[in-house]
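The values are calculated or read from the model by the stated rules, or taken from the named source; none is laboratory data. Worth saying up front: this structure is predicted, and the values here are computed from it rather than measured. Neighbour counts run over all protein chains shown; Cβ positions are idealised from the backbone, glycine included.
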Amino acid sequence: MIIDKLQNTSLYTSINPRITQAFEYLKSTNLEKLAVGKHSIDGDNVFALVQEYETKSEEDLQMESHFEHIDVQYIISGSELMGLATKNAHKPITVDKENDYALYEDEYSFILFEKGMFGIFFPDDLHLPCIHADKPEMVKKVVVKIKIEQ
């Protein structure tokens, strides 16, 4: 996993050309005005899911990972805590390969994601987004889904 601010994306563009596409999209799009929903960047290879929601208690959420996609999660407005862990010995309680996710109930560490920050989550990275810090608040986030080349 990688956690950083959008101004530092040049450090990560050599990882994968589709990650570079994701960063170019984030930098060149007026994200504040972008409608909630799915937005194509490169067909099914790279697409954005814009979300607006009120953060929740961690008890109402579950940690997840993906099999076929890398997530680039970018906070457009608001802030949220995110629980983070790596798979290591964690065992999923639910696996849904058709919808590209697994859910976990293991221990994790928190990081505060604020406006302008992103996280890159690879298939080995478990993440639990959408958690409120002190109290619930509205968040607008874009999740760029990057299909892993097989």
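Worth pointing out:
- Of all residues making up the range 8-54, the number that are basic (Lys, Arg), surrounded by 12 or more Cβ atoms within 10 Å (Cβ to Cβ) and under 29 Å from Ala133 (Cα atoms): 0
- The set of residues in the range 108-150 that are modelled with pLDDT of 95 or more and of a type in the set (Gly, Ala, Ser) comprises Gly116, Gly119.
- Hits in the range 101-114 - residues which are loosely packed, with under 15 Cβ neighbours inside 10 Å and not in a strand (DSSP E or B): Glu105, Glu107
- Test: residue in the range 55-78 that is free of Cβ contacts under 8 Å to residues at least 12 places away in the same chain and surrounded by fewer than 18 Cβ atoms within 10 Å (Cβ to Cβ): yes
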